[in-house]
């Protein structure tokens, strides 16, 4: 089921009413309802892959117990088994074809012809997210940060809570599980914030991201026939599209969770106002970055063993993070480019700048220096997105070559002008909205004047309904 | 909780009520049945839905059995002319045939098949059919999207919900609303309105018994033919055509053949007299010979007539309203050729 679908518009109030009216006195029933709703939500897309979700859930639930109840040596075995299981599931469904094809390629280079069997199976939605939930749970038990959960329903809710099941945020057991196990009380302000977040998230997805999808798809499909300016607008549009799409999803997830009394981790903190690459990564897909930091970077030694090790570990997490997005060289190069943007800051000890607050936190506008830093960071991120969006490395390379106006001889001034106008039309409201809200991503500031406030709600809701395309999925569903 | 639900309910109710104004306004004339679909209507409508409503209204009264099917390009064919030709050639000695024109925006093979199946159920027998095709026609092998192209549910057998949803969403589309608002105030047609507002100083006229539709352009041309074409020339509507011979690639592939076979079996059951007419398009692209051979094999050589490419009909730009639609007198000449000399 998609958030931007009519089915979800019916599904959400039904679950909400059952949750607060029928089962509000019994926590167990409330959790059972959430679990059933989550499985219906997921099964709407493919009931067959529910078995995979169930299997992953049961295995990690078991490993959690096994890790807690055995000695250090044995528990390590169970942690390893959990990793093998989760990465095995990911490997089969997400990476098998990639490796099979690449091995074939390597073998053919040394003159050995192989013909590996390729799997003709769809990538289960959300697989990269729920397997990471499971692994973090077992890791945390191993590290003594989390106790194993007795009730399997509670654990299953943690893994498959429907707002975050298919595209995150990637939750931590010690953050979400206590909320699952605690009685939830309806809170008017929390629910109101939830509704606002859903509306704002829908607007970002349905209006902004889907509105720009046409320009992006057309430009990236026919890049060889467009002039440099049109290609630049196409790349910039993708930057805004993917942000609107993914942060829109996260806002809807956060908002929906609030309606049920849950607070999820933040996933975005206005990343396009970042002043350097390091700040960008503290603001973009935060739940994934922090997951890799906690479960990969730190176990690898982090920055404890000198600069060289820190550089190596940083490079590893960026490349793994790229590979997490998909079994394609494009994503690996995308990760590598970001590592290249981050490493100079690390080496110059400038990666911890701007840790605490967003730009112009106490001011109305950024300074000229800050503005130029924001623009440079945004252009760097946009450059990297070309690799993320292009179908192949070759296409990404050609696209970048054609961005050079001295090399590109196409003249598509009419399309360029039209796309520029559309790009401005869609990106300005999003960036202005973000600028207005930038001090706290979890609480949407609204105008105090009731008429203006309701007018804004009305316009946003109208645009969402008018532009809703229930065939359009979220970009991050494919990861 | 009560306060929250009350507030949410009030906001949603006001919102839904406001949006439901679109249903009351009904700019595409689908939520209700209308006596007249074209009076003072400058909004691009779903032609197939209008034809469907006129058909429903007339089918019992007139016992329709002869139908023209095609895209808006088929509008040039008028039932009255067809009737005269059939009667004059003694193909309908008792003058019992009842004629109807059933066209749809960009109607192609997929929808034509659905429509023929629907007619098969609805009329006693399909005695005569004219199927007006062109190179675009055979590209359609699945239901196209969009309110202008969606078929009435009785024809498509799809859900009514998606049908009405499509028109509801089109009615509240921001660019449609803005175009309408500006056009209502200024009465001027700007470029950005072209997908929503018909650019003509005169409204279309419909024959509510036969489904024939007459463009408002006819009135403009009769008043100032030179001015009409001068305006089109300024907008470079009639682009310069190449002197080379262009032939369309093969369009009829396996999927198309399956649908054509489906159409053929319905028409065979009805013992229908069919004429397949390949339209004379401004682009002067020749219809593919292989495709033509296939159509002749299926429907009979004498029943398939090709007017595409460079010929007496396509050479003169005055035979066209614009680059896409030819005029009724061309269609009449085509009918005369199709049914043979007197």
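None of the figures in this text is laboratory data; all of them are computed from the coordinates on show. Since we're looking at a predicted model, the values are computed, not measured. Neighbour counts are summed over all protein chains in view; Cβ atoms, including those assigned to glycine, are modelled from backbone coordinates with ideal geometry.
Pick out which of B:285, B:188, B:302 has the largest mean-square fluctuation in a Gaussian network model of chain B, springs linking Cα atoms closer than 10 Å.
Evaluated over chain B, the most mobile residue of the options is B:188.
What percentages make up the Cα-Cα pair-distance distribution of the range A:341-454 when the bins are 10 Å wide from 0?
10, 26, 33, 22, 8, 1
Separation of the range B:1-65 and the range B:298-342 by C-alpha centroid, Å?
Centre-to-centre (Cα) distance: 37 Å.
Using a 10 Å cut-off around each Cβ of peptide A:34-44, what is the average number of partner chain Cβ atoms that fall inside?
Whole-number average of other-chain Cβ neighbours for A:34-44 is 0.
From the Cα gyration tensor of the range B:1-105, with a ≥ b ≥ c the square roots of its eigenvalues, which class applies: rounded if a/c is under 1.5, or else prolate if a/b is larger than b/c, or else oblate?
The shape class here is prolate.
Relative contact order for chain B: what is it in percent, counting Cα pairs under 8 Å that are at least 6 residues apart?
22 percent.
Taking each residue in B:269-276, count the Cβ atoms of any other chain within 10 Å of its Cβ, then average. What number comes out?
0
Obtain the nm distance between the two label points defined at residue B:223 and residue A:414 by a simple spin-label model: each point lies 7 Å from its Cα along the Cα-to-C-beta direction.
2.9
Could you check the spin-label model distance between residue A:17 and residue A:99? Points 7 Å from the Cα along Cα→Cβ, value in nm.
4.9
Calculate the FRET efficiency for residue A:394 and residue A:107 from the Cβ-Cβ distance with a Förster distance of 22 Å, rounded to the nearest 0.05.
0.50
Determine the relative contact order of chain A: mean sequence separation of Cα pairs under 8 Å and six or more apart, normalised by residue count, in whole percent.
Relative contact order, chain A: 19 percent.
Of the DSSP beta bridges with both residues in the range B:32-339, give the percent that are antiparallel, rounding to the nearest 5.
Antiparallel: roughly 15 percent of the beta bridges in the range B:32-339.
Compute the FRET efficiency between residue B:165 and residue B:312 as 1/(1 + (r/R0)^6), taking r as their Cβ-Cβ distance and R0 = 35 Å, and round to the nearest 0.05.
For residue B:165 and residue B:312, the calculated efficiency is 0.15.
Considering the convex hull of the alpha carbon atoms of chain A, report its projected area averaged over all viewing directions, in nm², one decimal.
Hull-based average projected area comes out at 25.7 nm².
Distance between Cα centroids, the range A:1-80 to the range A:391-409: provide it in whole Å.
Between the Cα centres of the range A:1-80 and the range A:391-409 lies a distance of 45 Å.
Please compute, for the alpha-carbon atoms of the protein assembly as shown, the extent along each of the three principal axes and give them in descending order in Å.
102, 67, 56
Label the range A:28-122 by shape, choosing from rounded, prolate and oblate, from the square roots a ≥ b ≥ c of the eigenvalues of the Cα gyration tensor; if a/c is under 1.5 it is rounded, and otherwise prolate applies when a/b is larger than b/c, oblate when it is not.
It is oblate, given that a/c is not under 1.5 and a/b is not larger than b/c.
In the protein assembly as shown, what percentage of the DSSP-assigned beta bridges are antiparallel, given to the nearest 5?
Taking every DSSP beta bridge within the protein assembly as shown, about 15 percent pair in antiparallel fashion.
How many Cβ atoms of partner chains, on average, are near each residue of A:349-358 if near means within 10 Å of its Cβ?
0
Mean 1/r over all different Cα pairs, inverted: what Kirkwood radius does the range A:6-185 give, in Å?
17.9
Hey, rough spin-label estimate for residue A:311 and residue B:43, points 7 angstrom out along Cα→Cβ, what's it come to in nanometres?
In this crude spin-label approximation the distance works out to 6.6 nm.
If R0 is 60 Å, what FRET efficiency do you get for residue B:205 and residue A:361 from their C-beta distance, rounded to 0.05?
0.35
With everything on Cα atoms, drop me the angle between helix B:79-88 and the longest principal axis of chain B, reported from 0 to 90° to the nearest 10.
It is inclined by approximately 20 degrees.
As a footprinting exposure proxy, order A:93, B:238 by other Cβ within 10 Å, with the fewest listed first.
Exposure proxy ranking, most exposed first: B:238, A:93.
Based on alpha-carbon centroids, what's the gap between the range A:173-227 and the range B:134-212 in Å, whole number please?
32
Note down the relative contact order for the range A:6-185 as a percent, whole number, built from C-alpha pairs under 8 angstrom at least six residues apart.
In percent, rounded to a whole number, it is 30.
Would you work out the Kirkwood radius for chain B? I mean one over the mean of 1/r across all pairs of different Cα atoms, in Å.
21.7
Got a sec? How would B:264, A:74 order by Cβ neighbour count within 10 Å, fewest to most?
A:74, B:264
Rank these for me by crowding, B:279, A:224, going from fewest to most other beta carbons within 10 Å.
Lowest count first: A:224, B:279.
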